[in-house]
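Accompanying notes for the structure given below.
Computed from the coordinates by the stated procedures, all read-outs in this text should not be read as laboratory data. Everything numeric here is computed off the predicted structure, so don't read it as measured data. Methodologically, a virtual Cβ is constructed for each residue, glycine included, from the backbone with ideal geometry; neighbour enumeration extends over all protein chains shown.
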Amino acid sequence: MKVIFEDNHYIAVNKPAGVLVQADETKDETLGDMVKAYIKKKYKKPGDVFLGTIHRIDRPVSGVVIFARTSKGLARMNKLFADKKVDKRYWAITTVRPDPIEDTLIHYLIKDKEKNKVRLFDKQKYKTAKRCELSYSLLSEMGEHFLIDINPKTGRPHQIRSQLSRIGCPIRGDKKYGSIHHQRLGMIHLHSHSLSFEHPIKKEPVVIKAPPPNEQVWNMFKGFIS
């Protein structure tokens, strides 16, 4: 875990792949636990540390995650996310070239909680299905590897993973959604690259960026995305 942004109201970190953002049935240490420990040590906090979870990214995904350090900050940032005033950018590496090389995808999503997997539909066949939308564009290609920039307009579970798989471009290492490649420690080649927004308290533009993992396949694109 590396802290990449910090002020009185917020703290953002570059989450390693394989780390949970919030607790689940595994009871593994979470990113929230790590951030609380960091704040407690840095500021010599004697008691409990307040930390508000604003959003999550999947366990095998790396990149930017922002937390609130105050209740005021939590409420205001939650509203920014709800009002879709946070620009989210992800990078994905696939082994299939997307066709077309840029597009907007709209599907309807249902999550199977028992299998921890989602199903997509082109139309809203079920009332419980949630609309999901993203835009993507091909940034670069190296041999049989393709770097894709993704801008999700909605924040549904497994949205990017399932929507790219739906168009025949599963994310490298994501066996759950069709990749033939297996990655160490359950890592997949999906990275939350940046969050951009107007600071809801200071009213200043904020852009938080996280470099991708120092890993062989990401390093193929190092000159392009560093």
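Worth pointing out:
- Residues that are under 18 Å from the mean Cα position of the chain (by Cα) and surrounded by fewer than 20 Cβ atoms within 10 Å (Cβ to Cβ), drawn from segment 140-151: D149, N151
- Being out of contact with any His (no Cβ under 9 Å at 6 or more places or on another chain), exposed (fewer than 11 other Cβ atoms within 10 Å of the Cβ) and not polar (S, T, N, Q) is a property that does not hold for G186.
- Criterion violated by R166 - all others in (1) among the basic types (K, R); (2) within 17 Å of P60 (Cβ to Cβ); (3) over 16 Å from the mean Cα position of the chain (by Cα) satisfied: (2)
- Whichever residue in segment 90-124 is of a type in the set (V, I, T) and more than 22 Å from I225 (Cα to Cα) and, among such residues, is nearest to the chain's Cα centre (by Cα): V118
- Residue match in segment 111-125 (condition: without any contact (Cβ under 8 Å) to a residue 60 or more places away in the chain, within 18 Å of P212 (Cα to Cα) and either out of contact with any Pro (no Cβ under 8 Å at 6 or more places or on another chain) or small (G, A, S) (or both)): no
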